[in-house]
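Below is one structure, written out as structure tokens; comments come after it.
The values are calculated or read from the model by the stated rules, or taken from the named source; none is laboratory data. Since the model is a prediction, treat every value here as computed from it, not as a measurement. For neighbour counting, all protein chains shown are included, and Cβ atoms are generated from backbone atoms with ideal geometry for every residue, glycine included. To get the accessible areas, we keep the full protein, side chains included, count just its heavy atoms, and leave off ligands, DNA and RNA. Shrake-Rupley method; radii C 1.70, N 1.55, O 1.52, S 1.80 Å.
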Amino acid sequence: CLDEKGEVHEFDSNWRTEDCNDCSCSRDGIGCCTSYMTPVDYDEGKCESIFSKETCSYKVVEKDDHSKECPVHSWVG
């Protein structure tokens with residue numbers, strides 16, 4: 001399989017892209033999906049979500065104090 005960057009991947013191989021997508025190669029082609037969950041149900045007035053490419057995950061924290069995490073009631077992904 002040839003990915004979007006022009007790199008060749010063997011059949012039945014798996015890899016994670018720099019954009020945090022998990023991809024696999026089969027004889028049918030390449031399939032990719034996000035490797036992370038996105039927070040969707042939290043207090044957006046008080047809190048904000050911050051994405052980390054290092055951990056491929058979101059953290060939801062208070063806008064005024066990033067050391068305080070906010071509760072998230074629902075995630076999608």
At a Cα cut-off below 24 Å, give the lysines reachable from Lys68, other chains included and same-chain residues fewer than 8 away excluded.
Lys46, Lys53, Lys59
Per the rule of 0.36 nm per residue minus the C-alpha distance, extending Cys20 to Ile50 adds in nm 9.4 nm
Provide the net charge surrounding Thr17, with neighbours chosen by a C-beta distance below 15 Å and charges set as Lys +1, Arg +1, Asp -1, Glu -1.
-4
So how exposed is His73, as accessible area in Å² (1.4 Å probe, rounded to 10)?
140 Å²
Taking all protein chains in place and a 1.4 Å probe, what share, in percent, of the accessible surface of the chain do carbon and sulfur account for?
44 percent
If you rank Glu48, Glu62, Glu7, Glu18 by how much accessible surface each has, with a 1.4 Å probe, what is the order from largest down?
Glu18, Glu7, Glu48, Glu62
Could you work out the percent of alpha carbon pairs in the chain separated by over 21 Å, rounded to a whole number?
43 percent
How much area per residue is accessible in the chain when the probe is 1.4 Å and only protein heavy atoms are counted (Å²)?
73 Å²
